[in-house]
Amino acid sequence: MYGLSPDVKTLGDSASLGLKPAMQLRAKLHLVKTVPANSPVGYGATAYTTAETKLGVVAIGYADGIPRIAQGAGVFIDGKRAPIIGRVSMDQFVVDLGAESTATTGDWVIIFGDGATGEYTADDWGAASGSINYEIVTRIGPRVPRIYSPHVY
């Protein structure tokens with residue numbers, strides 16, 4: 001139904017089963033800001049930047065179904081991955097866009113998709129949060145608008 005492997009570890013990933021993930025989750029960058037090296041990030045300053053970089057605040061959080069524990073995941077923007085830095089908060093999380101990023105406030109980012117262009121997948125998010133892809137796609141809360149788009153295969 002989701003186009004996801006029900007068990008990546010024993011059955012293989014979606015692609016090896018001939019499945020195409022049917023869901024993409026996007027959100028907007030609420031803020032983009034250049035910060036110096038050693039800048040604290042997130043509640044409790046759980047992370048610090050290692051060099052001058054651009055950070056992006058993504059306007060979605062654990063109240064919307066983003067796993068608070070997710071480390072090692074992030075978003076896809078401008079043709080590349082931008083990893084989470086710091087804690088996932090109730091309504092937002094921060095990503096390291098990189099010093100050369102051209103992202104601006106209001107840009108859309110892909111949180112997860114089918115992975116065809118390099119974006120994070122529900123499998124990636126599941127692994128990053130110590131869970132499974134099904135938990136990732138089914139936990140998206142009611143505050144997140146749904147857009148149903150028919151595809152021709």
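The values are calculated or read from the model by the stated rules, or taken from the named source; none is laboratory data. Everything quoted here is computed from the prediction, not taken from an experiment. Positions of Cβ are generated from backbone atoms using ideal geometry, with glycine treated the same way; all protein chains shown enter the neighbour counts. Each accessible area value is taken on the protein alone, full model and side chains, heavy atoms only, with ligands, DNA and RNA left out. Shrake-Rupley method; radii C 1.70, N 1.55, O 1.52, S 1.80 Å.
Summary of computed values
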item	result
Contour excess over end-to-end distance, with Cα ends at residue 11 and residue 117 and 0.36 nm allotted per residue	35.8 nm
Zone residues, the range 32-70, relative to residue 90, backbone N less than 18 Å from point 7 Å out along Cα-to-Cβ	42-45, 58-69
Accessible surface of the range 39-93 [probe 1.4 Å, protein heavy atoms]: carbon and sulfur percent	53 percent
Per residue solvent-accessible surface (Å²) - the chain, probe of 1.4 Å	56 Å²
Most to least accessible of 94, 58 (protein chains only, probe 1.4 Å)	94, 58
Under 5 Å, built H, 5+ apart or other chain: amide partners of residue 74	84
The chain, helix-only ellipticity at 222 nm - DSSP H runs n ≥ 4, -39,500 (n - 2.57), divided by all residues, nearest 500	-2500 deg cm²/dmol
In the range 1-61, lysine pairs closer than 25 Å at Cα, eight or more apart or cross-chain	4
With all protein chains modelled, accessible area of residue 78 [1.4 Å, Å²]	90 Å²
Reciprocal mean inverse distance between Cα atoms of the range 96-135 - Kirkwood radius, Å	11.7 Å
Nitroxide proxy distance, nm - points 7 Å out along Cα→Cβ at residue 104 and residue 38	3.3 nm
Among (i) 137; (ii) 114; (iii) 102, the entry derived from the coordinates for volume of the Cα convex hull per residue in Å³	(ii)
